[in-house]
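This report concerns only the one structure given below.
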Amino acid sequence: MTAATPVIDRAASQAVATRAQKVSAGRVGAHAFLAIATLLWITPIVWAIYTSLRPYNETSKYGYLSWPRHLTFKNFTTAWTQADMIHYFWNSVMITVPAVILALGFASCVAFVVARFNFWFNVPLLIIFTAGNLLPQQVVITPLYRIYLTIHVPHAISSNGLLYDSYAGLVVINTAFQVGFCVFVLSNYMKTIPHEIKEAALIDGASVWTQFWKLTLPLCRPALAALATLLTTWIYNDFFWAIALISTGNKRPITSALANLQGQFFVNQNLLAAGALITAVPTLLVYVILQRQFIAGLSLGSSKG
């Protein structure tokens, strides 16, 4: 038995070494995959920055793959003035901010009911809101277009008295399409809040509104920040609804302003790249401001069973 002990120890050491080699190989493969994926993701961004800093005369003469002879920020200033971006930025603010606030407000109310009350319609209600995200936007564009032409609103909301060709129309449709996803995320997030907190609030005589406004919403701040970041990005970058439901060019958001940098027979790709980078700045600022809450909202609950 004593003689067999070294053999057993040697076999165990070999098993441990083999397992360590497999783990090491797996980590190397994972890191290599992440490095390649990161490189593929960041290449278009680097290429856009590189293109926007080069004069068009240089790229037209030597090609986009040539070594840069002169770098300039002139494309950015030209894109800013030529596309009148400050006006279209304000249009995007008029659409994005109300849509995000309304979507989070409606979704938090529905999610609170689904997560905290045992009504018989909780599950069907959640399914209805979630199923709305599965409906392609292109399917409803024709009936929605006709509906927008028939719905009359006060002239204080829309200058033509219709939802069509108005900021309110884009706010309504963006809110409607984003509420379902927000309800799904917030309802699952609210279910992770301990029931003891609700019971303590009930014992203290807190009303349903107090439980929702002063207790549940503050605890859902990370999830709300994460959703606000995502919604701001999605609604701000929307191009489909802006083209379909806005006919007046001056009312369209910043994404459609890039069309002002294209000519009928000629397109300056360097200028267009600079305009696209300027357009992306607000979403980056939103992420930087809400970065801590965004990461907390996505990671919280990941270790719960």
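No lab work stands behind these numbers, since they all come straight from the coordinates. All values reported here derive from a predicted model rather than from experimental measurement. When we count neighbours, we look across all protein chains shown, and the Cβ atoms used for this are built from the backbone with ideal geometry, even at glycine.
Net charge near Tyr50: determine it from the other residues with C-beta under 14 Å of the C-beta of Tyr50, scoring Lys and Arg +1 and Asp and Glu -1. It would help to have the intermediate numbers written out before the result.
Numbers: positive: Arg54, Arg69; negative: Glu58.
Taking every Cβ under 14 Å from that of Tyr50, the sum is +1.
Lysine pairs in the chain whose alpha-carbon atoms fall under 28 angstrom of each other, counting only those eight or more residues apart or on distinct chains, come to 7.
A full extension of the chain between Tyr56 and Lys74 corresponds to an added length of 5.4 nm, given 0.36 nm per residue minus the alpha carbon distance.
Once the other residues with Cβ under 11 Å from the Cβ of Phe212 are scored (Lys, Arg +1; Asp, Glu -1), what is the net sum?
Result for the local shell: +3.
Among Leu126, Leu219, the ranking by other beta carbons within 10 Å of each residue's beta carbon, starting with the fewest, stands as Leu219, Leu126.
With a Förster radius of 35 Å applied to the C-beta separation of Ile141 and Arg292, the computed FRET efficiency comes to 0.35.
Hydropathy at least 0.0 by Kyte-Doolittle, axial extent at least 30 angstrom from the Cα trace: which helices of the chain, defined as entire DSSP H runs, fit?
Values: long enough: 4-52 (72 Å, 0.72); 85-116 (45 Å, 1.63); 167-191 (35 Å, 1.21); 269-289 (31 Å, 1.72).
Passing helices, by number: 4-52, 85-116, 167-191, 269-289.
Cβ crowding within 10 Å ranks Ser256, Ser159 as Ser159, Ser256, fewest other Cβ atoms first.
Extension gain for Asp84-Ile127 works out to 11.2 nm (0.36 nm per residue, less the C-alpha to C-alpha distance).
If a/c stays under 1.5 just call it rounded; otherwise compare a/b with b/c (prolate if a/b is bigger, oblate if not). Do that for the chain, with a ≥ b ≥ c from the square roots of the Cα gyration tensor eigenvalues. Provide the component values of the computation, followed by the final result.
Numbers: a/c = 2.65, a/b = 1.14, b/c = 2.32.
Oblate is the answer for the chain, as a/c is 1.5 or above yet b/c matches or exceeds a/b.
Each of Cys182, Cys109, Cys220 has some number of other Cβ atoms within 10 Å of its Cβ, and from fewest to most they run Cys109, Cys220, Cys182. Restricting the calculation to alpha carbons of the range 72-150 gives Rg and Dmax of 20.0, 64 angstrom.
Label separation (Asn160 vs Phe266): 3.3 nm, computed from points 7 Å beyond Cα along the C-beta direction. In terms of its C-alpha gyration tensor, the range 35-118 comes out oblate, because a/c is 1.5 or above while a/b does not outweigh b/c.
Each Lys or Arg adds one and each Asp or Glu takes one away; over the other residues whose Cβ falls under 13 Å from the Cβ of Thr229, this sums to +2.
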